[in-house]
Amino acid sequence: MKQNFSNLLKVLILTGFSFYAKQSLAQDSKSGTVFKNQVKMNVAALVLKNFSFQYQREVANKIAVGLGVRFAPESTLPFQGQIESLVNNQQAYSRIKNFKTGNFAITPEVRFYLGKQAFKGFYLAPFASFSNFNASGPFLFQSTQGDLEMPLKGNIKTVTGGLYIGSEFNLAKRIGLDVFIGPNYGSLSGTIAGTKTLNNDEQNGLRNGLNDLEKIPMIDTKYTVTGDGASVDLDGNWPGLRGGISVSFKF
């Protein structure tokens, strides 16, 4: 009887150990797919003096939602040569080339992965972006007294939407790489203004200088000049191309 009981106990122990081992192996085999979250930093954005981070969570099979945050301290305009080409008017660009800008933006998105799982392979991602740009600097103009400056400062808001196409790669168990690019389009609006005592001649010179801003494509400008300063309202379209290279950490 003792021997039978001993044998039965051994069988139960072995069966329990076998079941535990199978469960452990099953969990280990899924270890590459159990990560439901990841955080990212867009290292390519650093070239534009931006700091860009994103959080993503898988919410369904091969579908993830994300929220990005981007900010940049006020500094000189990056890629001034490209901005000059975009403005496409040398005189207009020369008046604003010394401006400084900073920005803050949030970007929600939904990612649809085309492979077997989320956070890996090719994907399509519709997104929206809500940005606030602060701008300040001297607006250069001429009067009969020579070259003058009008200090201007204000905020410009943009609302855009677009579509990313990209791909994610695993570099290690928790570390990945995300490469993406996509067009976006939306609207721009804002006001920049400044105060300065201006005589009639200076007011006329400033008006002539602000006329050059009307030559910037896709942006409508309306300005007011008085003896106490000036105000410029901006409104228009905001097309662009967004992209980047992000390093991700999964958890």
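Taking region 34-62 only, how many residues are charged (D, E, K, R), surrounded by fewer than 19 Cβ atoms within 10 Å (Cβ to Cβ) and in a strand (DSSP E or B)? Steps first, answer last, please.
Residues of region 34-62 that are charged (D, E, K, R), as a first pass: 36, 40, 49, 57-58, 62.
From what's left, surrounded by fewer than 19 Cβ atoms within 10 Å (Cβ to Cβ): 36, 49, 57, 62.
From the residues that got through so far, the ones that are in a strand (DSSP E or B) too are 57.
Residues in region 34-62 being charged (D, E, K, R), surrounded by fewer than 19 Cβ atoms within 10 Å (Cβ to Cβ) and in a strand (DSSP E or B): 1 in total.
Just to verify a result, which residue in region 200-234, among those that are closer than 17 Å to SER189 by Cβ and touching a Lys or Arg at 6+ places or on another chain (Cβ under 8 Å), is surrounded by the fewest Cβ atoms within 10 Å (Cβ to Cβ)?
Keep residues of region 200-234 that are closer than 17 Å to SER189 by Cβ, which gives 213-214, 216-224, 231-234.
When the remaining residues are screened for being touching a Lys or Arg at 6+ places or on another chain (Cβ under 8 Å), the result is 213, 223, 232-233.
Numbers: LEU213: 20, TYR223: 18, VAL232: 20, ASP233: 15.
Among those that are closer than 17 Å to SER189 by Cβ and touching a Lys or Arg at 6+ places or on another chain (Cβ under 8 Å), it is ASP233.
If we keep just the residues of region 235-250 that are in contact with a Lys or Arg (Cβ under 7 Å, 6 or more places away or on another chain) and of a type outside the set (Val, Ile, Thr), which is surrounded by the fewest Cβ atoms within 10 Å (Cβ to Cβ)?
Within region 235-250, the first condition is being in contact with a Lys or Arg (Cβ under 7 Å, 6 or more places away or on another chain), and the residues that meet it are 246-250.
Subset that is of a type outside the set (Val, Ile, Thr): 246, 248-250.
Working: SER246: 23, SER248: 21, PHE249: 14, LYS250: 20.
Ranking the qualifying residues of region 235-250, first place goes to PHE249.
Say we look at region 63-110 and pick out the residues that are in contact with an Asp or Glu (Cβ under 8 Å, 6 or more places away or on another chain), under 20 Å from GLY194 (Cα atoms) and in a helix (DSSP H, G or I); which of these is modelled with the highest pLDDT?
Step by step, filter region 63-110, then rank; the result is ARG95.
Residues that are at pLDDT 95 or above and among the basic types (Lys, Arg): find the strands (runs of 3 or more DSSP E) completely inside region 170-245 holding 2 or more of those.
Working: elements: 175-195, 219-226, 229-237.
In region 170-245, there are no strands (runs of 3 or more DSSP E) which contain 2 or more residues that are at pLDDT 95 or above and among the basic types (Lys, Arg).
Checking ASP147 against (1) closer than 19 Å to PHE99 by Cβ; (2) exposed (fewer than 13 other Cβ atoms within 10 Å of the Cβ); (3) touching a Pro at 6+ places or on another chain (Cβ under 8 Å); (4) not polar (S, T, N, Q), only one condition comes out false. Which one?
Against the list (1) closer than 19 Å to PHE99 by Cβ; (2) exposed (fewer than 13 other Cβ atoms within 10 Å of the Cβ); (3) touching a Pro at 6+ places or on another chain (Cβ under 8 Å); (4) not polar (S, T, N, Q), ASP147 comes up short only on (3).
The values are calculated or read from the model by the stated rules, or taken from the named source; none is laboratory data. Given the structure is predicted, the values throughout are model-derived calculations rather than measurements. Positions of Cβ are backbone-derived with ideal geometry, glycine not excepted, and every protein chain shown enters the neighbour counts.
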